[in-house]
């Protein structure tokens, strides 16, 4: 127990001192995660809204696929992206393997189905309420999707948050396509795995504390925003 | 702002004069089936321009369903709807508006609710601003323009819903029991809005259970029973001297079950 607190104290000292390696790893983690979540939202929000708002042949199949993809195994995604980006793969000439871009691609593939499937559910519920009014006004498909996304914006923050949670905590896919290269593709989760195996528990624990803190701060921020929207009757 | 309202009334009145002999809306052999259930069957009727038509009947008679069919929200299983003697197309839909029993409020401000409706109807620029102001005045919600619409009272929400529908300058306004959950003061406010709209040339088609409201607002009555039109006529005639057993029983507060119709369902 004493050794745990000793390691914990040293970890906190690393954070307080603003260790350069620590800052670099945290910065890269956030950059990759936020980029992946942003791209996933750009794809997943309209996709989920369309599946949620429109009736079309194959809608049930699309829903089943989206829901199933929410549980994509990260290592499988990592392997597929690895094969696609490796020298002999179709995107080999782009030389993206072992770069932050490859990590963004892998995380985007993991997060997009989560965003799309949860968006579909949120939008479907809202559309049930709005559909007759929209039909009466003659709202076109594009206006319909954009209005639903705008009016569900506070609920969709929670959706983006779920995507962020998945991306920031992800390790399997990013370690395969990023390679955990120091000062290039080393992010919080891969560093925790590496440093733990090396016995450097101070750095691993410091990163663990930061990771948890980020999750708590982001969650609290979104919850506060949503609570404020509920009080204003906009959610 | 006033000028816009006057101009629109004048245009509507002119259009009415040109087409006085042509029914605004006509349904021929209209049926709607849900699986084996025949919810609306062989309904033929005419809505004349400039009239206030009230659709009445017991619960489950098919009043709201008929309203939705006439407004084009639901496709009929059989039959046709004719708009001004021509096809029931996109232009026909855009010349109509509907107010629902439970007002549908977007998760936006009062003003943004009006703006959205006008935007999707293609109203832009100064005309849109003028219509927004007019609608706020009409609904007496000017002070609440920037408030979230969902915190309004039920009466205020329904006034906004009616004003939003009228801001689209419809030729015909469908209302599905718009005052069923409102207090007398709010009901009066809605009825006043309906009468004002009618005086500006808007044709009214209203579903209600309220006999008093039907007397106050109705020129014509369509009485529904079991998915059929049981009786039509002027409001005074149908309400004072109903010819059908279904209308007579309903007005007397008796339960009327038509065995021949029950078997078909």
If I filter segment B:136-155 down to residues being away from chain A (no Cβ under 14 Å) and touching a helix residue (DSSP H, G or I) at 6+ places or on another chain (Cβ under 6 Å), which single residue comes out as farthest from residue A:234 (Cα to Cα)?
B:138
Look at residue A:54 and say whether it is surrounded by fewer than 14 Cβ atoms within 10 Å (Cβ to Cβ) and over 25 Å from residue A:213 (Cα atoms).
yes
Condition check: within 12 Å of chain A (Cβ to nearest Cβ), under 30 Å from residue B:148 (Cα atoms) and crowded, with 18+ Cβ neighbours inside 10 Å. Does residue B:92 satisfy that?
no
Among the numbered criteria (1) touching a helix residue (DSSP H, G or I) at 6+ places or on another chain (Cβ under 8 Å); (2) farther than 25 Å from residue A:150 by Cβ, which one does residue B:162 miss?
(2)
Only residues that are more than 12 Å from residue A:176 (Cα to Cα) and either under 19 Å from the mean Cα position of the chain (by Cα) or free of Cβ contacts under 8 Å to residues at least 12 places away in the same chain (or both): list them for segment A:62-83, please.
A:62, A:64, A:65, A:66, A:67, A:68, A:69, A:70, A:71, A:72, A:73
Given the conditions (1) assigned to a helix (DSSP H, G or I); (2) touching a helix residue (DSSP H, G or I) at 6+ places or on another chain (Cβ under 8 Å); (3) under 23 Å from residue A:140 (Cα atoms), report the number of the one that residue B:92 does not fulfil.
(2)
Top-ranked residue of segment B:105-134 - restricted to ones that are crowded, with 21+ Cβ neighbours inside 10 Å and not in a helix (DSSP H, G or I), ranked as nearest to the chain's Cα centre (by Cα):
B:105
Restricted to segment B:156-178 and to residues being assigned to a loop (DSSP other than H, G, I, E, B) and within 12 Å of chain A (Cβ to nearest Cβ), the residue nearest to residue B:217 (Cα to Cα) is B:170
If you take the residues of segment A:141-152 that are more than 7 Å from every other protein chain (Cβ to nearest Cβ) and surrounded by fewer than 16 Cβ atoms within 10 Å (Cβ to Cβ), which of them is nearest to the chain's Cα centre (by Cα)?
A:150
Are any residues in segment B:69-85 touching a helix residue (DSSP H, G or I) at 6+ places or on another chain (Cβ under 8 Å) and touching a residue at least 40 places away in the same chain (Cβ under 8 Å), and if so, which ones?
B:71, B:74, B:76, B:81, B:83, B:84
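Values quoted throughout were computed directly from the atomic coordinates according to the rules given, and no laboratory measurement underlies them. Please read all numbers here as calculations on a predicted model, not as lab measurements. We place every Cβ from the backbone using ideal geometry, glycine too, and count neighbours over all the protein chains shown.
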